[in-house]
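This report refers to the structure that appears directly beneath it.
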Amino acid sequence: MKKTSPSILFSLIAALAILLSACAAAASAPTEESGLYPENVDAFGAPVEEPGRGGGESNFVGDVAVSEAPLSAQAADRLVIKTADLSIVVAAPEERMQEIAAMAERMGGFVVSSSIYQTYLGDGSEAPAAYITVRVPGELFQQALDEIRAGAFDVPTDNQYGQDVTAEYTDLQSRLRNLESAEDMLRQIMEEATRTEDVLNAFNQLNSITEQVEVLKGQIKYYEESAALSAISVELIAQESAQPIQVDPWDLSTVAKQAVEALIRALQGIAEAVVWVALYVVPVILVVALPVVLIGLGLRAWLAKRSAPKGAPRKK
């Protein structure tokens, strides 16, 4: 019996891998027998079972029977990533932040990040503030939010988000299975191949597929961990920072009265300055300056007398 060449075997297995991928994609597409066409789908996108086909208990609405079992099964398999972002007003932000961190650890979660800082109020004073992000199990998400809100004076911001990644997660798993099957085939080819060229070709393709497998596993792990542990970010605001700004009522007569009082005080200051100059500054200047002037004049006359030549007639 003639033995099949390894290169031919390699080509056949590669074609088989491509065929498997195409079959997997086709299996996920709707067919007429599967009942997923628009006329066989209810308002929520779930398949509607026709009477007499069986497959679970049905509730009849008019002439249409809706199966409840597939809906509950689909709801149980949904993969939803939940996150929340809220701000709370508390008396002591740092102390409340530590309580939230302890709550997350008690529930089986952990602290992602935390920070304490100072904010400035309208009057220039400082007030403490804090920020913390924790992850808690998805089934305890609402309980954690209730505990965070408890004891807060106010909750100015409270946002919750949910991202359904079921379709993406299922697609990643399907692609991973196909790549792993191709990976096994390539390893088999490497074991059975006798030519170096075939071994190198299989090895290069195996490396490429292995990298893709690792990337898919990382994405799948990310979705699983994100859905299992929900993220909650909390901004903690000190109570004094949340107090409204107090503005005193404005009265024109009061402003006018204050202006007149300021003018009178200014005129009084000028009058007092004039009195001080006349009765204190001027006499002091005279007392100090007069002797200095007299001494200067006498010294000038004496110097002039000494500088005159002897025997010169004096000017009359």
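From (1) in contact with a Lys or Arg (Cβ under 9 Å, 6 or more places away or on another chain); (2) surrounded by 12 or more Cβ atoms within 10 Å (Cβ to Cβ), pick out the condition that doesn't hold for Ala91.
Status for Ala91: all satisfied but (1).
Looking at the stretch 230-237, is at least one residue touching a Gly at 6+ places or on another chain (Cβ under 7 Å) and surrounded by 15 or more Cβ atoms within 10 Å (Cβ to Cβ)? Full working, then the answer.
Pass one, the stretch 230-237, residues touching a Gly at 6+ places or on another chain (Cβ under 7 Å): 230.
When the remaining residues are screened for being surrounded by 15 or more Cβ atoms within 10 Å (Cβ to Cβ), the result is 230.
Yes, that holds for at least one residue.
I'd like to verify a number: residues in the stretch 101-125 that are surrounded by 12 or more Cβ atoms within 10 Å (Cβ to Cβ) and closer than 14 Å to Ile237 by Cβ, how many?
So the answer is 3.
I need every pair where a residue in the stretch 215-228 that is more than 16 Å from Ser174 (Cβ to Cβ) has its Cβ under 7 Å from the Cβ of a residue that is not basic (Lys, Arg), sequence separation at least 6 or different chains.
The qualifying pairs are Ser226/Ile81; Ala227/Leu79; Ala227/Val80; Ala227/Ile81; Ala227/Gly138; Ala228/Pro137; Ala228/Gly138.
Quick note: the coordinates plus some simple rules give every number you see, no bench work behind them. All values reported here derive from a predicted model rather than from experimental measurement. Every residue, glycine among them, receives a Cβ derived from its backbone with ideal geometry; neighbour counts consider all protein chains shown.
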